[in-house]
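Take a look at the structure below.
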Amino acid sequence: MKNILLSFFLIAFLGACQVQKISNKVIRPNDVSNHLGYLFIDTATGDTLFQQNANRYFSPASTTKLFTWYSSLSLLGENIPALKYYETPDSLFFWGTGDPTFLRADFPTNSTLAFLKSKSNKRLIFSDANFHGKHYGQGWMWDDYSEDYQTEVSTLPIYGNLATFTSDKIEPSYFKAFTEKSPNLKSKVFREESQNQFIITENTKLQNVRIPFKTDGETLASLLSDTLHVPVTYQKEQVYNYRYATLYSEPRGSLIIPMLKYSDNMLAEQLMLMASSQISDSLSVSSAIAYMLKNKLSDLPQKPRWVDGSGLSRYNMFTPNDLVFLLQKVKNEIGLSKAFFYLPKVAQDPETYIWAKSGSMSGVYNLAGFIKTKKGRTLTFALMNNNFTKPVSAVRNEMADFLEGIREAY
């Protein structure tokens, strides 16, 4: 009996040493102790195979979108809500649910546009009084207001909440009246921080320069009027009525997949806003987060600090344990093959063997998902790197080598 136990011990010890050698070869020891946390478990059994700092908090960056993915699967139906509305004989009262697809170029099916046009013989009255959040997430960089990856959060996004400038046109054309030219600009297009006033550089070729616009209720009503070619009245007061109906638009998956694949911040924030509409009449990303942490994710290994849907905020703090636990939860609820379907394919040699979501910003690189090893095992993993000074690309390459070592070892 003692010989059997000793054999099991030696096998486990030698296996751990093998992976530790791989780890030390790829990552300097001080990086392991100070900047890196990871966890690898057997997806089928849940057994922990390899870990370091797995319960330490790290800034997750865009791996936060994995939590948005699970929230969307938990709270949203197969098709997302586009509008809520009620009608009288002469009027249509409507308010948004956070649907980001309305007149976005990559969502050409405009069921919302068709619906509103079909009601253009009535008085159209729009309200955003159901929005109880903020247009920017907590901890977002204030000076990124003009970057296309940081659009405002709103109840009824339109045109992706972006103004697009080319040399011969401006979309939506509504913003032509708010645009002037100047010879003295450092950037090709500049927007005033607090208002929709744009300046473009004279005699410069513009090709799809995208700038977020302010999304207050009056602006949205004006954009709707310009698009529909009929007046749309903005009403600050709540227009809720118990007899309201819901208009649905795109399949839920058609938003989740590009949100994960292209790390689309706008889709992530709006998905969380739509999720909040399923638990109350008010729209608030923070309300959806609070609900998920109290209910669906109350059993996370460590309680995270979770403040937005996209991961733009450095206030977010998660552990490798949390990310692996979440991925296992998704796998248990929808199955491994469907989880693979949603996640980006990271490595293919010649067949895909890593399905995972990355997250990076200055001093941050993370990756979490599933890896198939050469011995036929599927592992659920999370790698979290924070507070380094080298280029993100260098750390990404180190992690690729590290994962290849894991793939070989197991």
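The values are calculated or read from the model by the stated rules, or taken from the named source; none is laboratory data. Quick caveat, the model's predicted, so the values are computed rather than measured. A quick note on method: Cβ atoms are made from the backbone with ideal geometry, for glycine too, and the neighbour counts reach across all protein chains shown.
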query: Among the residues of region 73-98, which ones are out of contact with any Gly (no Cβ under 9 Å at 6 or more places or on another chain) and under 27 Å from Gly369 (Cα atoms)?
result: Leu73, Ser74, Leu75, Leu76, Gly77, Asn79
statement: With the first residue restricted to region 348-367 and required to be in the same structural domain as Tyr57 (by TED's automatic domain parsing), and the second required to be of a type in the set (D, E, K, R) and assigned to a strand (DSSP E or B), Cβ contacts under 7 Å at 6 or more apart or on different chains are Thr352/Lys345; Tyr353/Lys372; Trp355/Lys345
query: Hey, Leu327 hits all of (1) surrounded by fewer than 22 Cβ atoms within 10 Å (Cβ to Cβ); (2) farther than 11 Å from Pro60 by Cβ; (3) in contact with a helix residue (DSSP H, G or I) (Cβ under 9 Å, 6 or more places away or on another chain) but one; which does it fall short on?
result: (1)
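Considering only region 92-122, how many residues are farther than 25 Å from Ile256 by Cα and either loosely packed, with under 15 Cβ neighbours inside 10 Å or free of Cβ contacts under 8 Å to residues at least 12 places away in the same chain (or both)?
Looking only at region 92-122, we keep the residues that are farther than 25 Å from Ile256 by Cα, and these are 92-94, 116-122.
Cutting the leftovers down to either loosely packed, with under 15 Cβ neighbours inside 10 Å or free of Cβ contacts under 8 Å to residues at least 12 places away in the same chain (or both) gives us 117-118, 120-121.
Total satisfying the criteria: 4.
Can you tell me which residues in region 134-148 are of a type in the set (Gly, Ala, Ser) and within 17 Å of the chain's Cα centre (by Cα)? Spell out how you get there, then give the answer.
Pass one, region 134-148, residues of a type in the set (Gly, Ala, Ser): 137, 139, 146.
Result: Gly137, Gly139.
Test Leu92 against the stated conditions and say whether it is within 24 Å of the chain's Cα centre (by Cα) and outside the structural domain of Phe388 (by TED's automatic domain parsing).
On the way: within 24 Å of the chain's Cα centre (by Cα): no; outside the structural domain of Phe388 (by TED's automatic domain parsing): yes.
So Leu92 does not fit the description; no.
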statement: Pairing a residue in region 188-215 that is touching a residue at least 24 places away in the same chain (Cβ under 8 Å) with any residue that is loosely packed, with under 14 Cβ neighbours inside 10 Å and among the β-branched types (Val, Ile, Thr), where Cβ atoms lie under 9 Å and the two sit 6 or more apart in sequence or on different chains, gives Lys205/Thr166; Leu206/Thr166; Gln207/Thr166; Asn208/Thr166; Val209/Thr166
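Would you point out which residue out of Leu66, Leu36, Leu49 is buried (at least 22 other Cβ atoms within 10 Å of the Cβ) and modelled with pLDDT under 95?
On the way: Leu66 fails: modelled with pLDDT under 95; Leu49 fails: buried (at least 22 other Cβ atoms within 10 Å of the Cβ).
Exactly one residue qualifies, and that residue is Leu36.
What strands (runs of 3 or more DSSP E) completely inside region 320-410 contain at least 3 residues that are in contact with a Leu (Cβ under 7 Å, 6 or more places away or on another chain), farther than 25 Å from Ser254 by Cβ and of a type in the set (A, V, I, L, M, F, W, C)? Before the answer, list the steps.
On the way: elements: 345-348, 352-361, 364-372, 378-386.
It comes to 378-386.
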